[in-house]
Structures are given as structure tokens and as C-alpha cells.
Amino acid sequence: ASEAEEHDVVVIGGGPGGYVAAIKAAQEGLKTACVEKRGSLGGTCLNVGCIPSKSLLNNSHIYHQILHDVKNLGDVKLNLTQMMNAKEQSVSGLTKGIEYLFKKNGVDYVKGTGTITSEHEIKVGPLDGGGPQTLRAKNIIIATGSEATPFPGLEIDEKRIVTSTGAIALTQVPEKMVVIGGGIIGLEMGSVWSRLGSDVTVVEYLGAIGGPGMDAEMAKTMQRILQKQGMKFKLNTKVMGGDVGSDNIKINVESAKGGKSESIDADVVLVAIGRRPYTTGLGLENVGIEVDERGRIVIDQEYRTKIPHIRVIGDVTFGAMLAHKAEEEGIAAVEYIKKGYGHVNYRAIPSVMYTHPEAAWVGQTEQEVKATGEAYNIGSFPFSANSRAKTNLDTEGMVKFITDKETDRILGIHIIGPNAGEMIAEGVLAMEYGASSEDIGRTSHAHPTLSEAFKEAAMAAFSKPIHA
Ligand code: FAD
Ligand code: NAD
């Protein structure tokens, strides 16, 4: 073992939470190392999550659009190998970009698995198989992320029974795909393969798609749109198990309310029933750090475990499993270390589902607002009445504002529509500033843009829209 090296901050995990924390810490003048065992930086998000899935979503959308939406523009043939190459190029460009940022900011990138051996020490088992290295740290930030939750009885081989990791790397378009779980991964990856020609059936235990936190009206609208695109849905349906034969898989399902059972044929099964915190090999037991019943590392408001200089951010602890949430926490945790204060506004974290059209939202859903018993207004505006959406022949979806009836303050914004993921940024900013719908309705939005639908939905909440 080499001589222990002393750092102000050692970050374990180089995903969006960890790499952002490491760069921020170095920018604050703290001597910082980031330990990552994957062999490349960027974590789940850049390597097997956000980035590769968006590459496939973008290219499969272009393919599908030319083939089905815009008639007579030309013919296209799928080159799946090329689509996968484009994905790999995006991933490697971005992960190497983070290595560059580490160098530029003076972060020590330590390749290997980090195990906390005592309150100030991390042993790193290097990737190249050499002897372990020991890092000493005044502060430790744990950002080890999450992994796919397995489905009992269906063994993942990442070829025929896949998680999202296998689903972004299939070498041919499956004829029939069953997706277990109608959350964000199921709908995004289901969309990709459906657009490329698979017969996709999504089996969801609950009565609505979209996973936790989606507005019920929006979830219904999205389901209708995806059905029109060819995806099939079995809601309120329990997967009982599967029979994996040499050339066919049978997924056995039953109504969640009991009774009726059937089996669905598949070539590929995507298990997308959620993700769980990942702490294997981290050595939490060596220092007595606790996890809750769902495996999340327990922390206080300042991201501290019961050992105050060991902090935790991102998917491995509480809250939404989103890259931008992990990043905000990375910054805040470092600010706590350096300055003693930091802040993340959890009421203004956007969610985006990158289907086509996209779904995006921030703040409370209508069902949540209703449950509070407070009086509220709804203002909505359909893209079918927006000039740019009509020009683009892309009119599915709508913008919906939920506001406090008395004060007009915005409580939630929900969008289904082209570019919803970009458009929601205005809503997030509005909520950060405590805006009312009238603030937005009286703000000039360029014509002809999709964002006029955003303005008109705001107008509908406090007055009336012009174009509907
Ligand atoms: P991770 O990104 O999981 O990074 C943790 C890193 O720690 C990993 O690289 C791991 O190798 C490393 N590690 C773990 N243990 C150790 C150890 N002991 N020593 C050293 N290294 C270790 N979110 C979005 O906001 N937008 C999206 O569009 C989006 N798309 C997604 C698509 C898919 C298919 C998936 C699976 C996820 C997607 N997510 C998306 C979620 C997003 O990827 C996560 O929320 C985000 O990556 C969490 O960041 P993190 O830093 O907490 O953890
Ligand atoms: P999820 O929690 O979004 O959805 C899982 C779905 O599976 C839920 O609707 C749930 O009711 C259903 N389910 C659970 N058990 C089931 C069972 N036995 N049978 C049938 N259905 C079942 O989880 P996910 O889609 O796996 O995504 C994991 C995480 O990754 C999420 O936190 C998500 O936010 C994140 N992610 C985000 C993005 C994005 O921001 N665009 C993209 C992909 C993933």
C-alpha cells in the first residue's frame, strides 16, 4: 500500500452528483479527489442513462417522423449499428469532457472502488489490479448512485431479459418487447424500440403510467398519445413471472385486483420497475452509517450522516432520482463544507420524460393540490391552437397551470408537447421567483413559438387566452 494521501474532500462516485461536487470543491480551493470504479466518469447518467437514451430517442424520433409523420418527404432505412455508434460517440465525448474538466480544475481522478475503512480513510482497490491505495480525507462525500431493481424470478442477462443498460444496446430490433413498469424508463425505452418497429406492450401495476409524481390528467393524455403511436398498455396488471424458452419468452400476468391471468409473448423483456440505492463495497458498516428500509443512506438537512464530515448526495439517498437533483445537492454539500450553508429548493426541481411529445412538469400535481383542500385555478392551452405547433404538424399535448385561487401564485406547471423539456425551464424560474400566472401572462413571448402556448395557459389561469 502506498503512503496515505491527505485531501480536504474525497468524493466517492463520479456521476452527476459526485463529479459536480468534486469540481465545485476544487473551485472553492479545497484539495479534492474523486474515486470512480467504472473506468469512465459521468456515472449512470452519462454512461448508461440520460445521455445514451437521449441519443437513441432523438435518432429514433427522426427515423419515425420521416417514416410516419411527414408523408412523402422521402424514404429511410434503419441502420441500427450506425444509430448505436452515434450513441457511443456522444457518450465518450461527454465522459472524456469531464476528465478534461477534472484536469482543468485540479481534481485528482482516482480510478478504483472506494471503501470507507475508518472515519477519515478510504481504501481504493485500483482497476488495474495493483495494490490498494489509501486516501485520507477531512471530508467525504458519498455519491455512489443507484442500480436497477431486479424482478424476482427473472434473471437479467442484458440480452433478452434486460434493464435499461441492455435496452440501450440491443443489436437488433426485437419483434416483440414486453416492458415491466410504465415509469419513465419504460416509456422512454419502450418508445425507442416501438418507433424502430417492435411490438411493445407495457405492463404496469398501478392504474396510470408515468411513475410517481405525474399529474393524473397528463398521464392519461400521454397514454392516449403513445397508444396512437402503437404502444400497448396493460394497467392494473401484475407480472407473476416468466418462462424463458430458447427462442421465446412468456410473461405471465394477472389483473392486480385478482382473477384473470394471461401470458404475453416476448423476444426481449425490459425490467423497469424502479432503481435502488447502490452501496455495495462502500464499507458503511465499517463506520456504522445507517441505511433506511429502502437502502437509502440516512442523512440530515445538511446532507450529513451521523458522522458529520461524511455527507451523501444523489440517487443513493432520499428524493427524486434525477441527474440535475444530484448536481444541485453536490454544489450544496460543498457549500456546507466550505461556508457552513447551502440550499436546494426541492419544490422547484423539474421532471422531464423524453418521449415524443415530451412531458415535463414542476411543482405540485392537481391531485396533490386537491388533497390539500385549498382552492385552486386551472389554466390550460392545447398545442393544437398554437401557430408554431400547427406549422410543424406537431400539435399533440397541452400546457396546464395550477395556481392558488386567492393569490394566483403558481403551484404547479405540467406540459405535454414538443420541446416541453426546454419550455419547463421558464416555469421552474417562475416558481423560484414565486411568480403568479399573471406575471407570465403579461410577459411578451416571441411569435411564432411554442412558448406562446405557455403564455396562453398562464392567461387562461387568471383571465382568458386569446387563441382558444
Ligand atoms: P450515478 O450517476 O449512479 O453515479 C454513481 C457512480 O458511483 C457510478 O459511476 C458508480 O460506478 C460509482 N460508484 C459506486 N460505488 C462506488 C465505489 N464504492 N467506489 C467508486 N465508485 C463507485 N436523470 C435525469 O435527470 N434525466 C434523464 O434524462 C435521465 N435518464 C436516465 C435514463 C436511464 C436509462 C437511467 C438508468 C437513468 C436516467 N436518469 C436520468 C437518472 C440519472 O441517471 C441519475 O439520477 C443520476 O445518474 C444520479 O447521479 P448520482 O451521481 O447520484 O449517481
Ligand atoms: P419509476 O419509479 O419511474 O417507474 C417504475 C414503474 O414501475 C412505476 O410506475 C411502478 O408502479 C411500476 N412497477 C413497480 N413494480 C412493478 C411490478 N412488479 N409490475 C409492474 N409494474 C411495476 O422507475 P424507472 O422507470 O425504472 O426509473 C428509475 C429512475 O430513473 C426513476 O427515479 C427516474 O426518475 C429515473 N429516470 C429519469 C429519467 C428522466 O429524467 N427522463 C429517465 C429515466 C430514468
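The values are calculated or read from the model by the stated rules, or taken from the named source; none is laboratory data. Just so it is clear, the model here is predicted, and its values are computed rather than measured. Ideal geometry is used to build each Cβ from the backbone, glycine not excepted, and the neighbour counts take in all protein chains shown. Protein only, heavy atoms only, side chains kept; ligands, DNA and RNA dropped before computing areas. Shrake-Rupley method; radii C 1.70, N 1.55, O 1.52, S 1.80 Å.
Tabulated values for the structure
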read-out: Given (1) open to solvent by 60 Å² or more (accessible area, probe 1.4 Å); (2) under 30 Å from S384 (Cα atoms); (3) more than 14 Å from ligand 2 (Cβ to nearest atom); (4) without any contact (Cβ under 8 Å) to a residue 40 or more places away in the chain, number of the condition K250 does not satisfy; value: (2)
read-out: For A143: the one exception among (1) more than 12 Å from ligand 1 (Cβ to nearest atom); (2) in contact with a strand residue (DSSP E or B) (Cβ under 9 Å, 6 or more places away or on another chain); value: (1)
read-out: Region 266-292, residues that are assigned to a strand (DSSP E or B) and open to solvent by less than 60 Å² (accessible area, probe 1.4 Å); value: A266, V268, V269, L270, V271, P277
read-out: Scan of region 362-384 for residues that are open to solvent by 70 Å² or more (accessible area, probe 1.4 Å) and hydroxyl-bearing (S, T, Y), ordered by number; value: T372
read-out: Count - residues of region 199-225 that are open to solvent by less than 30 Å² (accessible area, probe 1.4 Å), more than 19 Å from the chain's Cα centre (by Cα), touching a residue at least 40 places away in the same chain (Cβ under 8 Å) and under 26 Å from S261 (Cα atoms); value: 2
read-out: Among (1) touching a strand residue (DSSP E or B) at 6+ places or on another chain (Cβ under 6 Å); (2) open to solvent by 60 Å² or more (accessible area, probe 1.4 Å); (3) not in a strand (DSSP E or B) - the single one K123 does not satisfy; value: (3)
read-out: From the options A320, A332, A348, A359, residue that is buried (at least 21 other Cβ atoms within 10 Å of the Cβ) and within 24 Å of the chain's Cα centre (by Cα); value: A359
read-out: Region 276-291, subset free of Cβ contacts under 8 Å to residues at least 24 places away in the same chain and either over 23 Å from I337 (Cα atoms) or touching a helix residue (DSSP H, G or I) at 6+ places or on another chain (Cβ under 9 Å) (or both), residue nearest to ligand 1 (Cβ to nearest atom); value: T280
read-out: Filter result (near ligand 1 (Cβ under 6 Å from one of its atoms) and farther than 14 Å from D315 by Cβ) within region 31-47; value: V35, E36, K37, R38
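The rows are residues; the columns are (1) open to solvent by less than 50 Å² (accessible area, probe 1.4 Å); (2) within 19 Å of P357 (Cβ to Cβ).
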{"site": "V399", "(1), (2)": "yes, yes"}
{"site": "R409", "(1), (2)": "no, no"}
{"site": "M431", "(1), (2)": "yes, no"}
{"site": "R442", "(1), (2)": "no, no"}
{"site": "H447", "(1), (2)": "no, no"}
{"site": "A453", "(1), (2)": "yes, yes"}
{"site": "A458", "(1), (2)": "yes, no"}
